[in-house]
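Below is one structure, written out as structure tokens; the observations come after it.
The values are calculated or read from the model by the stated rules, or taken from the named source; none is laboratory data. Just so we're clear, the structure is a prediction, and the values are computed from it rather than from any experiment. Methodologically, a virtual Cβ is constructed for each residue, glycine included, from the backbone with ideal geometry; neighbour enumeration extends over all protein chains shown.
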């Protein structure tokens, strides 16, 4: 027997908020045995957003018992049974914060769904119930949620019973050696003779956003000789595919998100190797003596998936944050076995008339001395401006002690007999980064995680640096010896390549080199080639006879001069803009806002948002330029959002991005998110619809940024020739990411009063 528990609360803080409803139901695998629920009178007023979400008003709870009056009843109903709930740690944690001291085993039904409903786009209780046809009388009322949750448990139990003998045999050993709370309750279902039922597969829904065709793109392109650069804000992925297919020659199509391309028999899509499962690494992973709860969830999910997948592409599955971290241990590396899923995808895509790759992977691959991709004579690039921004990430190398230690642990798991040699190397790596920390302590600022110490000639003649070089020398000799003790693997190849690269740059000092600190104040080594521009031109365009470039952004001044400059294109390359580009849905403040550098700026922005947020239909996002600024908004904007019945969720305030995404599902789309662009992209990737974007500041980079300095060293006027147009690209790219392919109803509010001060770059 089990207990299902759900609470409704005034908010999400177990310390500051209060319980307003409790529901507890006793059940077994077939029927409900007992149920009890009660409203609870809180010591504070129920906020408007909670009433909107739950329907519970202050009037409804005014005569309800206080929590202390029903405490004994709650503990009596809970008994010693395992407690199930959707995100149950939240509910039990809330009770314990109020002094209940609940010791019962916790069973999170969300985890159960993640393991056995691996392809769902969301794991909220509402979405899962809709998927399985479970009726919810009133979502976000405690008893209704509990009853729906029990129905969900029964449905998943039936699905487990209905697994084939082969599927059951595949997951049984995983559950038998698992620390997962659910394992002991799932194992009996594998032997249950009761006939179960399988879930029906969710039908793939074609993204109609890309189905619209624009004849003007093909007509415009036909008037130009090759190569050319064409600005066309309104082109879709369907347009780009049609254009690639219209070529007589085999083509490489480089786009930002290749999976958004519509399916076609002559199209092959190749993603980054990290997108594909490495079956050998997965085999080593599940061979461990014990599996944690998270490891078991992903192991069960993937073992069942392996029995049906033809691609090994993680896009077929849905991962939560913790599972994504495990996936890194399981995916293909930049080179893999000939029979790996990545190798098969590469071979299959190269056989098609059009091979499509993502820009990030394309640039990363071209940054290698020995690229995996062979370029055909015809290359077609969509969102060309993204290449300019992508260069920074593709050529930027980040190396940390934790990264190397993780790699060494993977190698040790593959080669237990070589533990002594590997442990010795791990010690040497730790010593090396310790010496780098000494360099930072002596010449930089060990207390500022935002500080970057750019290493220059005078740093290389110091006692601290001599210790770094000596340590690098001793490591280099050990790396080559490691191959004699360990079997060849992708993990070993990846580790050796990066560690040798680290020792090389520390010895030769050839690239732009700098040190920063992690959140834990551990040194991170950064490198960027001084001649990145020349390397890009040589490795990307060399051997390409026909280059076709499409851009969404026309606001680049002087006939695309900046794109030509940064991408090494001929100055006389033909360019043409579409006659009519779609206008961006931009809005500007109704009141005067002081400069972002003014101490009163935050107050001005909050006052402006007070009048705009009620107009936002659904979730709103405020882009902050730093975590320090986001924290200021956390304290300044909280009162405003509370008054408007909205929930304020700020990056790094109250949990990581994954936790915040989960919490947002409890507020029925009435959220105001604050954070950086990465946070915005994360939320959108999680399926959270954003309809209103406010940009606090124009996205200028720091003039002290080492990469920006390296890229502008060759220019006469770095500010006009690089900083302004580069920031303009970042600006429009951010807006494009927000808009996606569904512009209807979306609004963008530009809160930086300087938007008109830069000769039309930003409006």
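Might you let me know whether segment 708-717 holds any residue that is at pLDDT 85 or above, in the same structural domain as residue 748 (by TED's automatic domain parsing) and crowded, with 21+ Cβ neighbours inside 10 Å?
no
In segment 296-331, what count of residues is obtained for those that are touching a strand residue (DSSP E or B) at 6+ places or on another chain (Cβ under 8 Å) and buried (at least 20 other Cβ atoms within 10 Å of the Cβ)?
7
Matching residues to (1) over 22 Å from the mean Cα position of the chain (by Cα); (2) farther than 30 Å from residue 236 by Cα:
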site	(1), (2)
266	yes, no
276	no, no
285	yes, yes
304	yes, yes
309	yes, no
338	yes, yes
344	yes, no
351	yes, no
358	no, no
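Only one residue in 137, 146, 127 is crowded, with 21+ Cβ neighbours inside 10 Å and either more than 28 Å from the chain's Cα centre (by Cα) or farther than 22 Å from residue 299 by Cα (or both). Which one?
Of the residues listed, the single one that is crowded, with 21+ Cβ neighbours inside 10 Å and either more than 28 Å from the chain's Cα centre (by Cα) or farther than 22 Å from residue 299 by Cα (or both) is 146.
With respect to residue 683, determine if the residue is surrounded by fewer than 20 Cβ atoms within 10 Å (Cβ to Cβ) and under 19 Å from the mean Cα position of the chain (by Cα).
no
Taking the conditions exactly as written (modelled with pLDDT under 80, in a loop (DSSP other than H, G, I, E, B) and surrounded by 13 or more Cβ atoms within 10 Å (Cβ to Cβ)), does residue 557 satisfy them or not?
Taking the combined requirement at face value, the residue satisfies it.
Which ones in segment 18-43 are under 37 Å from the mean Cα position of the chain (by Cα) and free of Cβ contacts under 8 Å to residues at least 60 places away in the same chain?
Passing the criteria: 18, 20.
Would you point out which residue out of 666, 615, 647 is touching a strand residue (DSSP E or B) at 6+ places or on another chain (Cβ under 8 Å), modelled with pLDDT under 85 and crowded, with 17+ Cβ neighbours inside 10 Å?
Within the list 666, 615, 647, the selection yields 647.
For segment 516-536, give me the residue count where each residue is surrounded by 21 or more Cβ atoms within 10 Å (Cβ to Cβ) and over 28 Å from residue 387 (Cβ atoms).
Qualifying residue count, segment 516-536: 2.
Is segment 177-190 home to any residue that is under 30 Å from residue 288 (Cβ atoms), free of Cβ contacts under 8 Å to residues at least 24 places away in the same chain and out of contact with any helix residue (DSSP H, G or I) (no Cβ under 7 Å at 6 or more places or on another chain)?
Taking every residue of segment 177-190 in turn, at least one turns out to be under 30 Å from residue 288 (Cβ atoms), free of Cβ contacts under 8 Å to residues at least 24 places away in the same chain and out of contact with any helix residue (DSSP H, G or I) (no Cβ under 7 Å at 6 or more places or on another chain).
Might you check whether a residue that is part of a loop (DSSP other than H, G, I, E, B), within 31 Å of the chain's Cα centre (by Cα), at pLDDT below 60 and in the same structural domain as residue 571 (by TED's automatic domain parsing) occurs anywhere in segment 222-232?
Yes - at least one qualifying residue is present in segment 222-232.
In segment 126-136, which residue that is touching a helix residue (DSSP H, G or I) at 6+ places or on another chain (Cβ under 9 Å) and at pLDDT below 85 is nearest to residue 685 (Cα to Cα)?
Looking at residues that are touching a helix residue (DSSP H, G or I) at 6+ places or on another chain (Cβ under 9 Å) and at pLDDT below 85, I get 126.
Quick one: would you say residue 291 is surrounded by 20 or more Cβ atoms within 10 Å (Cβ to Cβ) and within 22 Å of residue 343 (Cβ to Cβ)?
no
I'd like the residue in segment 71-102 that is part of a loop (DSSP other than H, G, I, E, B) and touching a strand residue (DSSP E or B) at 6+ places or on another chain (Cβ under 8 Å) and, out of all such residues, is farthest from residue 3 (Cα to Cα).
Going through the qualifying residues, I end up with 98.
Inspect all residues belonging to segment 10-33 and state whether any of them is part of a helix (DSSP H, G or I) and either in the same structural domain as residue 150 (by TED's automatic domain parsing) or at pLDDT 95 or above (or both).
No, every residue in segment 10-33 fails to be part of a helix (DSSP H, G or I) and either in the same structural domain as residue 150 (by TED's automatic domain parsing) or at pLDDT 95 or above (or both).
Here are the criteria: (1) within 30 Å of residue 566 (Cα to Cα); (2) touching a helix residue (DSSP H, G or I) at 6+ places or on another chain (Cβ under 7 Å); (3) surrounded by 20 or more Cβ atoms within 10 Å (Cβ to Cβ). Tell me which single one residue 502 does not satisfy.
In the conditions (1) within 30 Å of residue 566 (Cα to Cα); (2) touching a helix residue (DSSP H, G or I) at 6+ places or on another chain (Cβ under 7 Å); (3) surrounded by 20 or more Cβ atoms within 10 Å (Cβ to Cβ), residue 502 misses (2) alone.
Tally up the residues in segment 264-295 that are farther than 30 Å from residue 168 by Cα, part of a loop (DSSP other than H, G, I, E, B) and touching a strand residue (DSSP E or B) at 6+ places or on another chain (Cβ under 9 Å), please.
Going through segment 264-295 one residue at a time, the tally reaches 4.
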